[in-house]
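What follows is a set of notes on a single structure, which appears directly below.
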Amino acid sequence: MDQRALVRLSKRMSLALRHRPGQFGLTLDRGGWAPVEDLLTGLGIDRAALEAVVAGNDKQRFAVERGDDGVERIRASQGHSIPVDLGLNPAVPPDRLYHGTSRDVLDSILDTGLRRGARHHVHLSADVPTARRVGSRRGVEVVVLTVDAAGMHRDGHVFYRSANGVWLTDAVPPAYLTGP
Ligand code: HQG
């Protein structure tokens with residue numbers, strides 16, 4: 001499969017496993033897991049295609065595990081808008097985290113802080129290049145905000161780190177943000 005086909009399939013898998021499982025005939029369990037076989041059927045793809053996406057994914061978006069019942073399951077490691085419990089434990093963040101976004105929304109963010117929108121959490125990156133990549137999805141002028149994660153942690157805000165290294169928190173008030 002070429003790179004573009006891989007990206008297209010990765011996006012469909014994200015849609016199925018994060019946002020609209022019902023549209024693909026899937027039911028996710030509490031932890032967000034679905035049987036691999038059901039995903040293959042729901043998306044109409046074969047095993048090799050799925051494995052190419054899981055293994056070749058730039059961000060390791062998907063995790064595959066075999067349950068105690070012998071059934072192989074898959075889930076998205078972060079980014080859901082439907083209610084799932086990823087079972088992540090609170091983690092101590094690095095002193096600084098980063099958020100890449102579009103310049104259009106900079107004033108709004110500096111005014112009201114980072115909000116999670118449709119997703120469960122605000123997503124933060126551990127380094128500037130990653131934040132820049134996230135922001136560039138918007139396809140316009142990218143800005144990177146710095147988050148005083150140490151200060152937030154000290155003040156009782158809870159952080160989680162997804163299996164693929166994305167930092168998550170409920171909201172970032174403006175006092176902890178520094179603009180570009
Ligand atoms: C913005 C991708 C105005 C925020 C990425 C962002 C990430 C505000 C947008 C993951 C705001 C939400 C998440 C405020 C936040 N005023 N705009 N007060 N607060 N925003 O897609 O962080 O590739 O839900 O800046 O790599 O961009 O799908 O969040 O632009 O990890 O695996 O509201 O999605 O992962 O957009 O991206 P999103 P995000 P995947």
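The values are calculated or read from the model by the stated rules, or taken from the named source; none is laboratory data. Being a predicted model, the structure only gives us computed values, none of them experimental. Cβ placement follows ideal geometry from the backbone for every residue including glycine, while neighbour counts extend to all protein chains displayed. What goes into the accessible areas is simple: the full protein's heavy atoms, side chains included, and nothing from ligands, DNA or RNA. Shrake-Rupley method; radii C 1.70, N 1.55, O 1.52, S 1.80 Å.
Structure notes:
- Condition met for Glu65 (open to solvent by 80 Å² or more (accessible area, probe 1.4 Å), touching a Lys or Arg at 6+ places or on another chain (Cβ under 7 Å) and not hydroxyl-bearing (Ser, Thr, Tyr)): yes
- Unique match (being assigned by TED's automatic domain parsing to the domain that holds Val172 and within 17 Å of Gln78 (Cα to Cα)) among Val147, Val105, Val158, Val142: Val158
- Checked against (1) in a loop (DSSP other than H, G, I, E, B); (2) open to solvent by 20 Å² or more (accessible area, probe 1.4 Å); (3) touching a Gly at 6+ places or on another chain (Cβ under 8 Å), Leu26 passes all but condition (2).
- Matching residues in the range 125-136 - criterion: being within 8 Å of the ligand (Cβ to nearest atom) and either part of a strand (DSSP E or B) or over 28 Å from Gly87 (Cα atoms) (or both): Ser125
- Subset tally (residues that are near the ligand (Cβ under 7 Å from one of its atoms) and either open to solvent by less than 40 Å² (accessible area, probe 1.4 Å) or at negative phi (or both)) for the range 112-121: 6
- The residues on offer are Asp148, Asp104, Asp95, Asp155, and the sole one that is away from the ligand (no atom under 12 Å from the Cβ), without any contact (Cβ under 8 Å) to a residue 40 or more places away in the chain and surrounded by fewer than 19 Cβ atoms within 10 Å (Cβ to Cβ) is Asp155.
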